[in-house]
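K.L.:
Take this structure, written in structure tokens, and hold onto it; I'll ask about it next.
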Amino acid sequence: MDKSEEIQLFEKINNGNEKAFEILFHKYYRYLCLYASKMINNDSAAEEIVQDFFVKIWEKRETISIET
């Protein structure tokens, strides 16, 4: 996915497009979990942190400004 496709994806998420959010989730979830797990040394806590992160993105989707 190139930068322009990501920008379009984020715009769709801002407009409440659940499919676009699902694409974002599936694209980054595993990588973010691995990164968080390395930071805190706890796999289950890392997954919870990343899940909370995605929940916050969805809750604030209309006001959040995401830049790539």
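The values are calculated or read from the model by the stated rules, or taken from the named source; none is laboratory data. Predicted model only: the values in this text are computed from it and were never measured. When the accessible area is computed, the model is the full protein with side chains, heavy atoms only, and any ligands, DNA or RNA have been set aside. Shrake-Rupley method; radii C 1.70, N 1.55, O 1.52, S 1.80 Å.
K.L.:
When the helices in the chain are scored as -39500 (n - 2.57) per DSSP H run of 4 or longer and the sum is shared across all residues, what 222 nm value do you end up with, to the nearest 500 deg cm²/dmol? Walk me through the numbers on the way to the answer.
P.N.:
On the way: 3 runs with 52 residues, N = 68.
Result for the chain: -25500 deg cm²/dmol, rounded to the nearest 500.
K.L.:
Compute, for Ile40, the solvent-accessible surface of its heavy atoms (probe 1.4 Å) with the complete set of protein chains present, and express it in square angstrom to the nearest 10.
P.N.:
80 Å²
K.L.:
In addition: If you plug each phi of the stretch 52-64 into the Karplus form 6.51 cos²θ - 1.76 cosθ + 1.60 with θ = phi - 60°, what whole-Hz ³J(HN,Hα) values come out, in order, with x for Gly and Pro?
P.N.:
4, 4, 5, 4, 4, 4, 5, 5, 9, 4, 7, 10, 6
K.L.:
With everything on Cα atoms, drop me the angle between helix 3-14 and the longest principal axis of the chain, reported from 0 to 90° to the nearest 10.
P.N.:
90 degrees
K.L.:
So I have (1) 40, 25, 17; (2) 35, 25, 19; (3) 49, 27, 21, and one of them is Cα extents along the principal axes in Å calculated from this model. Which one is it?
P.N.:
Only one option fits the structure, namely (2).
K.L.:
OK, next. Taking only protein heavy atoms and a 1.4 Å probe, what accessible area per residue, in Å², does the chain have with all protein chains in place?
P.N.:
Values: 5240 Å² over 68 residues.
Roughly 77 Å² per residue, with all protein chains present.
K.L.:
With all protein chains present, how much of the accessible area of the chain (probe radius 1.4 Å) comes from carbon and sulfur, to the nearest whole percent? Mind dumping the intermediate values first?
P.N.:
On the way: 2660 of 5240 Å².
Here it works out to 51 percent.
K.L.:
May I ask you to derive the relative contact order of the chain, considering only C-alpha pairs under 8 Å and at least 6 residues apart, and to give it as an integer percent? Show your work: numbers first, answer last.
P.N.:
Values: 42 pairs, mean separation 26.7, N = 68.
Result for the chain is 39 percent.
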